[in-house]
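*Asks:* Here it is: the structure, laid out below.
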Amino acid sequence: MAAAILVAAIAILHIYILVLEMFLWTTPRGQKAFGLTPEFAQQTKALAANQGLYNGFLAAGLIWGLLTPSVEFGWQIQMFFLTCVAVAGIYGAATAKRSILYIQTVPAVLAMVALTLA
């Protein structure tokens, strides 16, 4: 149960990131979340929307894994998408902002550990 809650929380987080990047990027909320100037936000709006779409795919995969009737196949799907989240977080921390490691990678790894122990 704890593993499912962690996976669901990570899926919700990525839906929130999707909304920030696809719809709120140029708003004060989006700019504050990512430390952007209004000018930079406007210039990078299309790139951010693309990033948001990928975060949506991560969320969709995690939700798919949670809802799959086969426990074993659902586990595999969740582990695959959690690995994708963890790798994306490592890359983001290395190239953009160190805090991404704690926002994405650490929760994904904790969920992977919980899934393994379940």
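*Asks:* How many residues, within segment 89-99, are open to solvent by 40 Å² or more (accessible area, probe 1.4 Å) and within 14 Å of the chain's Cα centre (by Cα)?
*Replies:* 3
*Asks:* Can you pull out the residues in segment 16-25 that are surrounded by fewer than 18 Cβ atoms within 10 Å (Cβ to Cβ) and assigned to a helix (DSSP H, G or I)?
*Replies:* Those that are surrounded by fewer than 18 Cβ atoms within 10 Å (Cβ to Cβ) and assigned to a helix (DSSP H, G or I): Tyr16, Val19.
*Asks:* Looking only at segment 105-118, count every residue that is surrounded by 14 or more Cβ atoms within 10 Å (Cβ to Cβ) and free of Cβ contacts under 8 Å to residues at least 40 places away in the same chain and tell me the total.
*Replies:* Total meeting the criteria: 3.
*Asks:* Would you confirm whether or not segment 11-23 contains a residue that is over 17 Å from Pro107 (Cβ atoms) and not aliphatic (A, V, I, L, M)?
*Replies:* Checked against the condition, which is being over 17 Å from Pro107 (Cβ atoms) and not aliphatic (A, V, I, L, M), segment 11-23 yields at least one hit.
*Asks:* Tell me, yes or no, whether segment 1-9 has at least one residue that is loosely packed, with under 14 Cβ neighbours inside 10 Å and either among the aromatic types (Phe, Trp, Tyr) or more than 21 Å from Gln76 (Cβ to Cβ) (or both).
*Replies:* no
*Asks:* Quickly run through segment 31-72 and pick out the residues that are open to solvent by 90 Å² or more (accessible area, probe 1.4 Å) and over 19 Å from the mean Cα position of the chain (by Cα).
*Replies:* The answer is Glu39, Phe40, Gln42, Gln43, Pro69, Val71, Glu72.
*Asks:* Could you check segment 26-62 and list, in sequence order, the residues that are closer than 19 Å to Gly89 by Cα and outside any helix (DSSP H, G or I)?
*Replies:* Result: Gly35, single match.
The values are calculated or read from the model by the stated rules, or taken from the named source; none is laboratory data. It should be emphasised that the depicted structure is a prediction, and the values quoted were computed from it without experimental measurement. Note that each Cβ is placed from the backbone with ideal geometry, even for glycine, and that neighbours are counted across all protein chains shown. Only protein heavy atoms, including side chains, enter the accessible area calculation; ligands, DNA and RNA are left aside. Shrake-Rupley method; radii C 1.70, N 1.55, O 1.52, S 1.80 Å.
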